1. Would you calculate the separation in nanometres between label points at T107 and K184, each defined as 7 Å from the Cα along the Cα-to-beta-carbon direction?
2. Can you list the lysines whose alpha carbon sits under 16 Å from that of K15, skipping same-chain ones fewer than 8 residues off?
3. Roughly how big is the chain's charge dipole about its Cα centre, with Cβ charges of +1 (Lys, Arg) and -1 (Asp, Glu), in debye to the nearest 20?
4. For the chain, what's the relative contact order in percent, using C-alpha pairs closer than 8 Å and at least 6 residues apart?
5. Could you work out how far the C-alpha centroid of region 192-213 sits from that of region 106-170, in angstrom?
6. From the helices alone, meaning DSSP H stretches of at least four residues, give me the mean residue ellipticity at 222 nm for the chain, per-run term -39500 (n - 2.57), in deg cm²/dmol to the nearest 500.
7. Roughly how many nanometres apart are two label points built 7 Å out from the Cα toward the Cβ at A9 and K217?
8. Setting aside same-chain residues fewer than 8 positions from K28, which lysines have a Cα under 18 Å from its Cα?
Amino acid sequence: MKVGLVGVAGVPLRKHNVKDARLDQADKLVKADNKTYAFVDIVGEEEASTADAIVASPEGRFDLIVKDLEFVETRLERNPPAAEKAVLERIKAHLESEGVVAEAGLTPEELHLIESHAFVTAKPIVVAEAADSATFDNFWVHVVSAGGYISFLTVGGSENRAWLIRKGSTAQEAGGAIHTDIQKGFIRVEIIGYDDFVAAGSETQAKHANKMRVETKSYVMQDYDLANFRFKK
């Protein structure tokens, strides 16, 4: 996941661990050689247009709104088709009220009409106050969720690890986050819900309590599912 910073100082532009306390808890319940957090790739303002989400200061958020508003006004001056014009007028009113495109309530059809314009504020934007900069390792958990991502876990053996995937990803797609061979050769996935895992006190106890499910490739992954993939090598 790629996150763009706008107006936020003091955060290095590099990969940052998403230090989710749920992985810490899992690591206490299942022995493994290593613990590996999911990570986000933090980029600067010049790459914000290609990011999955944006973290902005209050001033940075306002600057992005102004940028999109200027584009809308320019586009409207060029007399676009009626359907597009109607959507742009709605966006213009929303931006003038200091709202962002992502929260303008546009339908999928309306979004399709303006997708080529690549409005920056159509991306999820999380506002970071000055106090957040001191605890950004924890702040990324919120950014990941706001940006439309979840995590799943693989535990035991050499590594307890969290993997980022988009919300709505299937089990087969989640396998691809680990390795393309898992996605291509997917047979099934064994799933234990995170709450069931913690309540049981271990992966083994969760299995004994019949909390493990066998799911097919079309299963939609849930946040912090424990997953064990079976695939043809």
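1. With each label placed 7 Å out from Cα toward Cβ, I get 4.2 nm.
2. Within the straight-line cut-off, K15 pairs with K2.
3. With Lys and Arg at +1 and Asp and Glu at -1, about 1300 debye.
4. Reported relative contact order: 23 percent.
5. Result: 27 Å between the Cα centres.
6. Computed ellipticity for the chain at 222 nm equals -11000 deg cm²/dmol.
7. My value for the distance between the label points is 5.2 nm.
8. Result set, ordered by chain and number: K19, K207.
Bear in mind these aren't lab numbers, they're just calculated from the coordinates by the rules spelled out. Remember, it's a predicted structure, so these values are computed and weren't measured experimentally. FYI the Cβ positions are ideal-geometry reconstructions off the backbone, even for glycines, and counts take in every protein chain you see.
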